[in-house]
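What follows is one structure encoded as structure tokens, with my remarks underneath.
The values are calculated or read from the model by the stated rules, or taken from the named source; none is laboratory data. All figures in this text were calculated on a predicted structure; none of them were measured in a lab. Don't worry about glycine lacking a Cβ; one is built from the backbone with ideal geometry, like all the others, and counts go over all protein chains shown.
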């Protein structure tokens, strides 16, 4: 058979297949699902008969689909793995020289968004993948309308995202890619376009940062040499983008000589778009310390001039840069002395923009205002202005609730709210003395250790708590980035700081969000975090959890899906947290929260003992009086658990030692800790094995008798008397068969316990104490 005849027969087969598809399978009144099912059956039938469905696929690819079925091929291969495999086999029948026909057919007729190709791209032959990308690059290079080239950019990014260092294309091909793709970093294009450039450059940086750096420097220098409005905008846009991908890469390109010396026609800055692109670059460069220094050294005159612009968008960008570089006004007399940093007045630009939302559709401008406000809201005067302007507060909350997909916006909004609610750090007496010395040494300067009173911060927290911010975080926290979740943890801890507001905080969902951030995830994220915040902010979230649970009933605050036991392990981890900046405070708060939880039921008490006993036991001898007190109070609540009783009463050397230590704790200077220790002994003495073990502790007996003769606190006396009463009653019952019980009773008689009880009743008029003393005396009369 001649080649011409063979080709004619193949063309006829394709034509017939096309007729069948158009007339039957894709008829206008059929649904897309029906069409997919019919085509799938056809392809399966051909495959079952060992036929290659090339003709069918060519017909499918070359057919111009109705609008409602434009994604037909994509849906076809998405839903059926066999059909997908058949499509890949069909694509692989092409040679590199003829692949352009398939490329054009897909883009022109059947798959204008390349969805089917993207879905199966990684399984296509490597040489064809590279050819597809080359075709896409040529299309991008020739494009006059850059905004309509998302499809081709997606194809290029899909190719690079799946490369490894072993499969990286030749350097010349990568250079070609950068040269062509860099045009699409233009800030005037939409976000979807620019995001593809970000993905491509990010992957290239991962594969070979050094080569990428050289190529980018060359590309940016070429744009600067071209010296047109358009080329400058692209150069500035591309360089700004690099700081969001890799700061060191951004610094390398930003510091090329032609850019730092501004070696281009300054008349270009008559264009607002050029000015905005330049300012956006300087703003982005400020994220890097070294680049920020270059901005301050080389560009402040330009930025100050931009601050005088009549365009609000330009002013906001300029003000943002000046704030980031800690802009300082020169003194009017021209001296070298500097005035106070003028950030407070610059903040007015950001506050006005956020309050009015005039440029909210101009994302870069509105984002710069949010970013600027996140910086300036660290200052007390700015905080006062913001919290008194409900429009700003509402706008910040609305960003989290309505614009949660704008990650930088959410981060800045949460940062500002966190700044508004941040209390002055708690410092030790030694730190206070050191700060006073620093203030004295710098007495000619304004003190840098000024801290707002807690009452002022608490009033701001109240305002924020009365907004819907907790509801917004409850709904959208899973969608937030790690940085935003970290900042949310700080905000939540701040809002839980005021004792009288904690019930409202929990009622509005704050406790639930904290637990979402704290509880372990099923698998670590790509940063290696096992929680939804990093280690530092996990500690902060745990602090917020502890503070909340100190003041509320966990069994009422948590839902049926989240029982109080879920809080135990996180709080136990806080007892010795190396990530904490204030370890003693965090330990103290966790102990108080665990004490509250231990009052609920044995399930909570037993879990606390199983997961935290070693830490708790160690803290009973803490050198910090407050931590020691809180630990002993926790022990008192745990003593109601059989697991705790076993720790003290199983008559081993370890348990006997614990009992001796607990007896010693009744002699602490802190009356609250003494009360808790004596209470723990009273609880333990109720358990069956208690007398047999407690008989043997000389220190315990000494402490009990000393309390009866010397203690003035009725609470401690009652608890000690309960212990004595339980031991005496049990001894009388066991004396006949237990020599130790008899010995214990004789020791009490020898040490004149009865006389001590009578003296106590005479000097202490408490009815309850008199009642217990009377019962013990009556029991002792039988000895």
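Annotations for the structure displayed:
- With respect to the conditions (1) under 23 Å from residue 253 (Cβ atoms); (2) under 32 Å from the mean Cα position of the chain (by Cα); (3) assigned to a helix (DSSP H, G or I), residue 188 lacks only one, and its number is (3).
- Any hit, segment 426-446, residues being modelled with pLDDT under 95 and crowded, with 16+ Cβ neighbours inside 10 Å: no
- Test: residue in segment 682-701 that is assigned to a helix (DSSP H, G or I) and over 28 Å from residue 754 (Cβ atoms): no
- Condition check for residue 511: within 20 Å of residue 494 (Cα to Cα) and either without any contact (Cβ under 8 Å) to a residue 40 or more places away in the chain or in contact with a helix residue (DSSP H, G or I) (Cβ under 8 Å, 6 or more places away or on another chain) (or both): yes
- Qualifying residue in segment 202-223 (condition: surrounded by fewer than 19 Cβ atoms within 10 Å (Cβ to Cβ), under 24 Å from residue 362 (Cβ atoms) and touching a residue at least 12 places away in the same chain (Cβ under 8 Å)): no
Yes/no matrix, rows are residues, columns are (1) outside any helix (DSSP H, G or I); (2) modelled with pLDDT under 90; (3) surrounded by fewer than 18 Cβ atoms within 10 Å (Cβ to Cβ); (4) in contact with a helix residue (DSSP H, G or I) (Cβ under 9 Å, 6 or more places away or on another chain):
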position: 705; (1), (2), (3), (4): no, no, no, yes
position: 718; (1), (2), (3), (4): no, no, no, yes
position: 724; (1), (2), (3), (4): no, no, no, yes
position: 736; (1), (2), (3), (4): yes, yes, yes, yes
position: 748; (1), (2), (3), (4): no, yes, no, yes
position: 762; (1), (2), (3), (4): no, yes, yes, no
position: 771; (1), (2), (3), (4): no, no, yes, no
position: 783; (1), (2), (3), (4): yes, yes, yes, yes
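- Residue match in segment 71-82 (condition: over 28 Å from residue 147 (Cα atoms) and either without any contact (Cβ under 8 Å) to a residue 24 or more places away in the chain or touching a strand residue (DSSP E or B) at 6+ places or on another chain (Cβ under 9 Å) (or both)): yes
- Restricting segment 576-589 to residues that are over 16 Å from residue 544 (Cβ atoms) and in contact with a helix residue (DSSP H, G or I) (Cβ under 7 Å, 6 or more places away or on another chain) leaves a set whose member that is modelled with the lowest pLDDT is 576.
- Residue 655 being part of a helix (DSSP H, G or I), without any contact (Cβ under 8 Å) to a residue 40 or more places away in the chain and buried (at least 16 other Cβ atoms within 10 Å of the Cβ): yes
- Scanning segment 37-86 for residues that are surrounded by fewer than 16 Cβ atoms within 10 Å (Cβ to Cβ), in contact with a helix residue (DSSP H, G or I) (Cβ under 7 Å, 6 or more places away or on another chain) and more than 22 Å from residue 112 (Cβ to Cβ) yields a count of 2.
- When segment 541-585 is filtered for residues that are farther than 22 Å from residue 603 by Cβ and surrounded by 23 or more Cβ atoms within 10 Å (Cβ to Cβ), the ones remaining, listed by number, are 541, 543, 544, 547.
- Taken over segment 590-620, the criterion of being touching a helix residue (DSSP H, G or I) at 6+ places or on another chain (Cβ under 7 Å) and assigned to a loop (DSSP other than H, G, I, E, B) is satisfied by 599, 600, 620.
- Some residue of segment 148-166 being touching a helix residue (DSSP H, G or I) at 6+ places or on another chain (Cβ under 7 Å), part of a helix (DSSP H, G or I), surrounded by 18 or more Cβ atoms within 10 Å (Cβ to Cβ) and modelled with pLDDT under 90: no
- Condition check for residue 730: buried (at least 17 other Cβ atoms within 10 Å of the Cβ) and touching a residue at least 24 places away in the same chain (Cβ under 8 Å): yes
- Considering residues of segment 340-359 that are part of a loop (DSSP other than H, G, I, E, B) and closer than 16 Å to residue 304 by Cα only, the residue modelled with the lowest pLDDT: 341
- Failed item in (1) under 22 Å from residue 139 (Cβ atoms); (2) surrounded by 22 or more Cβ atoms within 10 Å (Cβ to Cβ), with residue 190 passing the rest: (2)
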